1. Which of the residues that make up segment 67-92 are more than 16 Å from the chain's Cα centre (by Cα) and under 21 Å from residue 149 (Cα atoms)?
2. Only residues that are within 13 Å of residue 5 (Cα to Cα) and assigned to a loop (DSSP other than H, G, I, E, B): list them for segment 56-79, please.
3. Can you tell me which residue among 48, 36 is assigned to a helix (DSSP H, G or I) and surrounded by 15 or more Cβ atoms within 10 Å (Cβ to Cβ)?
4. For residue 154, indicate whether it is surrounded by fewer than 16 Cβ atoms within 10 Å (Cβ to Cβ), in contact with a helix residue (DSSP H, G or I) (Cβ under 9 Å, 6 or more places away or on another chain) and closer than 25 Å to residue 72 by Cα.
5. Out of curiosity, is residue 197 assigned to a helix (DSSP H, G or I), at pLDDT 95 or above and in contact with a helix residue (DSSP H, G or I) (Cβ under 9 Å, 6 or more places away or on another chain)?
6. Please work out which one of (1) surrounded by 15 or more Cβ atoms within 10 Å (Cβ to Cβ); (2) more than 18 Å from residue 199 (Cα to Cα); (3) in the same structural domain as residue 248 (by TED's automatic domain parsing) is the condition residue 5 fails and give its number.
7. Hey, residue 119 hits all of (1) in contact (Cβ under 8 Å) with a residue 60 or more places away in the chain; (2) under 15 Å from residue 146 (Cβ atoms); (3) in contact with a strand residue (DSSP E or B) (Cβ under 8 Å, 6 or more places away or on another chain) but one; which does it fall short on?
């Protein structure tokens, strides 16, 4: 996982540049995820762990709508920025660097664990995926809720695209262009990703490149993994229904 940590450490300062308006994205995603949680656990506020919080896109938004949120992420640089960005917005977000396969929290500490934004597919083996899901289940209370989002890999694996569409954001220095190249493995399930950012630099561009890898888990594969880790009541929520930009899986811990 060192390459994943290195990827997000390097990206932490620039991560917001993938959004045309980061604060608007935070608000929009929080509203969608809060709706998913409310429909299953009631209004709350709830004790929430965002175990892949990055620079805080989901965690800050959920704290902003009233939940008691703790953030963790593999990247120390990302969690440091998440805590600072939360403080700048008047939001409390305790955050710590932690591997989702070895969460440093007490058993049954949380009502909700969020693992959003295609984070789980950085784990490239069934054993690592199971370790993460079993650990997430451990820190959830009885009947606690897992909220997990991934890319729509059912469609993506059929097409095996070589790239993702470019994203453009505007800064005081000019426009920043972000795009990705995908290099598929022979198994047709995993791919290496090159993440490019073109940043204005005088009359030209500075090119920033970071690299990582993903396992393109289908809904069926992820459902089976979640059930195998001891969860129940697994449901999928499509973007047109949830308002979230990726497919969302929810599952219950079940009573001990």
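1. Once the filter is applied, which keeps residues that are more than 16 Å from the chain's Cα centre (by Cα) and under 21 Å from residue 149 (Cα atoms), segment 67-92 yields 67, 68.
2. Matches in segment 56-79: 74, 75.
3. From the options 48, 36, the qualifying one is 36.
4. no
5. no
6. (3)
7. For residue 119, the exception is condition (3).
Yes/no per residue for (1) surrounded by 19 or more Cβ atoms within 10 Å (Cβ to Cβ); (2) in the same structural domain as residue 209 (by TED's automatic domain parsing):
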| residue | (1), (2) |
| --- | --- |
| 119 | yes, no |
| 126 | no, no |
| 132 | yes, no |
| 167 | no, yes |
| 174 | no, yes |
| 181 | no, yes |
| 184 | no, yes |
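The values are calculated or read from the model by the stated rules, or taken from the named source; none is laboratory data. What you see is a predicted model; the values in this text were computed from it and never measured. Quick reminder, even Gly has a Cβ in these numbers, built from the backbone with ideal geometry, and neighbours come from all protein chains shown.
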